[in-house]
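Participant: Below you will find the structure I want to go over with you.
What follows draws every value from the coordinates through simple rules; no lab data is involved. Note that this is a predicted model, so its numbers are computed, not measured. Neighbour counts run over all protein chains shown; Cβ positions are idealised from the backbone, glycine included.
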Amino acid sequence: MRILVTGGAGFIGSNFLNMFVPRYPEHSFVCFDKLTYAGNPLSLTGIDSAKNFSLEVADIADGDVVNRIFGDFRPDLVVHFAAESHVDRSIHDPGAFVRTNVVGTMQLLNAARALWKDPSSSTARFHHVSTDEVYGSLREEGAFTEDSRYDPSSPYAASKASSDHLVRAFHRTYGLPITITNCSNNYGPRQAPEKLIPLTILNALEGRELPVYGSGGNCRDWLYVDDHCEAIWKVIECGQVGQTYNVGGNEERTNIDVVRALCELVAQQTGRSAADVLGLIRFVEDRPGHDWRYAVDSSKLKRELGWEPTLRFAEGLARTLAWYIANPAWVKAVQAGEHQKWLEKNYDRRLRTANDGRTNS
Ligand code: NAD
Ligand code: DAU
């Protein structure tokens, strides 16, 4: 297969590529990524020299560039991770989320439709990676199923909901062979330190304050990133075209419990007292429109495709902390914005060509 992975230099996409590029040398993979602040070429170290891997630095919202890449590579499979993904950023700049998550998804769908002229006779597939946030917020009871009503709270969630609707509409209207996964909160290696778990780890290791929004009682369902990647692969291989599958970890935790657990782990790893690390916690102003609780019912994925999460939360947290401690060069580069400098040095000219004279911002 020729597999186009959008957003492959981000958190989940890079873990996906690190798992599957070496596992499937018979498939070729192209990572299609704009390398925004969230995309990091260092996350591809090790696979970047593999014969079955290459990187295209480009913007999914630019239709001409998307068509050029589809024409050159002629993918049989598109795995679409690329997105603006941080809820707090979407509150400050919703437009960027509409551009990438809605317009960008539409450009990819258009290009796939043009390439796969007769989808019924091909083995092509467009897999869209989405989120449980499209379903909105739960109170204390219940869990999202594939039939839950869409009710997004943040501009990020609204833009992902729009992209899901477009993907389904291209299936119903044009017969495009699609599948969708809606997943809960991921954690693990290579996640940018703007999200709760890596932010807490790095601040705790460096003795900085640990911000907890509101009361800390908001609840998320956590899934280790490798388990999410295996779920996506399972859906690509065995999922039914046109179907949506929810993916969750069955590991619900309040935010304050997550932060406290990380403080205890950091204390154990560094020999500091737990009280000292816990003392860094600060309750801060709440996120506007903050969803109270997410919980995901992934019984369809288990029943129909046999997927289940393999890693428990305590073990996953310990592995994640160990990864951040073992990779100071990655951390330092991300904190210093090194990849943006790398991008300017290595890709400036090519980006300008790809973007037809416009500079990449
Ligand atoms: P991320 O922010 O870490 O990575 C996003 C990647 O997309 C980056 O490499 C970035 O450079 C790239 N990108 C952004 N705009 C682009 C553009 N215009 N053109 C090309 N590339 C662009 O995100 P993530 O956490 O890895 O999430 C990946 C996908 O999974 C997203 O679609 C997100 O909605 C979804 N998701 C994430 C989670 C989670 O907990 N992180 C959970 C469920 C679903
Ligand atoms: O549910 C899936 C979603 O999970 C994905 O679609 C998103 O891309 C991903 O970012 C994540 O969204 P959240 O908003 O849940 O993740 P975040 O790590 O930003 O926040 C997790 C919880 O922790 C949330 O309730 C807000 C809170 N929080 C977050 C930060 C960054 C804090 O209390 N303090 C913080 O500093």
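Participant: What percent do you get for the relative contact order of the chain when only Cα pairs under 8 Å and 6+ apart count?
Facilitator: Normalised by residue count, the contact order of the chain is 18 percent.
Participant: Once you list every other residue whose beta carbon is under 12 Å from the beta carbon of L166, what net charge do they have if Lys and Arg are +1 and Asp and Glu are -1?
Facilitator: Local net charge: +3.
Participant: Checking the a/c ratio against 1.5 first, then a/b against b/c, what shape does the Cα gyration tensor give for region 89-218?
Facilitator: Verdict is prolate for region 89-218.
Participant: For region 118-198, which chymotrypsin sites (Phe, Trp or Tyr not before Pro) are both in a DSSP coil and crowded by at most 11 other Cβ atoms within 10 Å?
Facilitator: none
Participant: OK, next. For region 225-331, just say rounded, prolate or oblate: build the C-alpha gyration tensor, square-root its eigenvalues into a ≥ b ≥ c, call rounded for a/c under 1.5, and beyond that prolate if a/b exceeds b/c, oblate if not.
Facilitator: prolate
Participant: Let me ask another. Length gain on complete extension for the stretch R172 to R113, per 0.36 nm per residue less the alpha carbon to alpha carbon distance?
Facilitator: Extra length from R172 to R113 when fully extended: 20.0 nm.
Participant: Near A157, within a Cβ-to-Cβ distance under 10 Å, what is the net charge of the other residues, with Lys and Arg +1 and Asp and Glu -1?
Facilitator: For residues surrounding A157, the net value is -3.
Participant: Further, regarding this structure: Taking region 163-234, which GluC sites (Glu not before Pro) meet the DSSP loop condition and have no more than 12 other C-beta atoms within 10 Å?
Facilitator: E206, E209
Participant: Further question on the same structure: Quick query: amide H of Y213 versus all other amide H atoms, modeled in the peptide plane; which residues come in under 5 Å with a sequence gap of 5 or more or a different chain?
Facilitator: Here V284 satisfy the definition.
Participant: Tell me, what is the percent relative contact order of region 192-349, built from C-alpha pairs under 8 Å that lie six or more residues apart?
Facilitator: Contact order relative to length: 33 percent.
Participant: Round to a whole angstrom and tell me the spacing of the C-alpha centers of region 96-169 and region 265-342.
Facilitator: Here the two parts' Cα centres lie 25 Å apart.
Participant: Restricting to DSSP loop positions (anything but H, G, I, E, B) with no more than 14 other Cβ atoms inside 10 Å of their own Cβ, which chymotrypsin sites (Phe, Trp or Tyr not before Pro) remain in region 7-113?
Facilitator: Those that pass, being in a loop and sparsely packed, are Y37.
Participant: Calculate the length of the line joining the C-alpha centroid of region 41-79 to that of region 216-257, in whole Å.
Facilitator: Here the two parts' Cα centres lie 25 Å apart.
Participant: Given the pairs K34/K332; K34/K160; K51/K117; K34/K302, which span a C-alpha to C-alpha distance of over 26 angstrom in this model?
Facilitator: Among K34/K332; K34/K160; K51/K117; K34/K302, the Cα-Cα distance tops 26 Å for K51/K117; K34/K302.
Participant: Separate question: For W222, what residues show an amide H to amide H distance below 5 Å, using hydrogens built from the backbone and excluding near sequence neighbours?
Facilitator: The answer is G249, E251, E252, R253.
Participant: Starting from the amide H of F144, placed 1.01 Å from N in the peptide plane, find each other amide H under 5 Å away whose residue is 5 or more places distant or on another chain.
Facilitator: A295, V296, D297
Participant: Figure the gain on full extension for W292 and R68 (residue separation times 0.36 nm, minus the Cα-Cα span) and round it to one decimal in nm.
Facilitator: Gain on stretching W292 to R68: 76.4 nm.
Participant: Next up: How would you classify region 4-54 from its alpha-carbon gyration tensor, with a ≥ b ≥ c the square roots of the eigenvalues: rounded for a/c under 1.5, else prolate if a/b is greater than b/c, otherwise oblate?
Facilitator: Prolate, since a/c reaches 1.5 and a/b exceeds b/c.
Participant: Using just the helices of the chain, give the 222 nm mean residue ellipticity in deg cm²/dmol: DSSP H runs with n ≥ 4 each add -39,500 (n - 2.57), and the total is spread over all residues, rounded to 500.
Facilitator: -13000 deg cm²/dmol
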